[in-house]
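**Q** Attaching a single structure in structure tokens format; questions to follow.
The values are calculated or read from the model by the stated rules, or taken from the named source; none is laboratory data. On a predicted model such as this, the values are computed, not experimentally measured, just so you know. Note that each Cβ is placed from the backbone with ideal geometry, even for glycine, and that neighbours are counted across all protein chains shown. The protein model used for the area step is the full one, side chains on, heavy atoms only, and it has no ligands, DNA or RNA in it. Shrake-Rupley method; radii C 1.70, N 1.55, O 1.52, S 1.80 Å.
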Amino acid sequence: MQLTFLKSKLHRATVTSADLNYEGSISLDRAMCREAGLREFEQVDVYDITNGARFTTYVIYGEPGQVQINGAAARLAQPGDKVIVAAYVGLSPEEVAHHAPRVVLLGEKNSIQSVLVKSIKTP
């Protein structure tokens, strides 16, 4: 059996641009990805705090400070929107106790404010 848990999250990223004609994905600053443990082409869910839209896409590395929504998803998020970018992982019950999700809190111009490593509490 596999259980799905949060792997990592970029919290309150600001969308810097949206390109409807790009082939798809979300372009993210490499430093943000490194801190969150996100890999290029990894699947992520994007939750738009500003308008409530949600969509699934994949990561491509972008420029410093960049959070660009590409392709059809560019209709769902616009520059200035606040978003959460989350990745999940499938774990066996034995792996859960050792799993620690990474949460990257972002500030102005998508600067990294802090990185939290959360421990999973057992019921």
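**Q** Taking segment 25-54 only, how many residues are over 14 Å from Y88 (Cα atoms), in a strand (DSSP E or B) and at pLDDT 95 or above?
**A** 6
**Q** Moving on. Quick check on my filter: what residues within segment 41-60 are open to solvent by less than 30 Å² (accessible area, probe 1.4 Å) and over 13 Å from G71 (Cβ atoms)?
**A** V44, D48, A53, V59
**Q** Looking at S114, S119, S92 in this structure, which one is among the hydroxyl-bearing types (S, T, Y) and in contact (Cβ under 8 Å) with a residue 60 or more places away in the chain?
**A** Step by step, each of S114, S119, S92 is checked, and only S92 is among the hydroxyl-bearing types (S, T, Y) and in contact (Cβ under 8 Å) with a residue 60 or more places away in the chain.
**Q** Moving on. Please go through segment 7-24 and give me each residue that is under 15 Å from A77 (Cα atoms) and part of a strand (DSSP E or B), ordered by number.
**A** Residues satisfying the conditions are R12, A13, T14, S17, A18, D19.
Residue by residue, here is whether (1) among the β-branched types (V, I, T); (2) closer than 16 Å to L28 by Cβ holds:
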site	(1), (2)
T50	yes, no
Q66	no, yes
G71	no, yes
Q78	no, no
E94	no, no
K109	no, yes
S119	no, no
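**Q** Another question, if that's okay. Out of L106, L38, L116, L10, report the one residue that is among the aliphatic types (A, V, I, L, M), open to solvent by 50 Å² or more (accessible area, probe 1.4 Å) and at negative phi.
**A** L116
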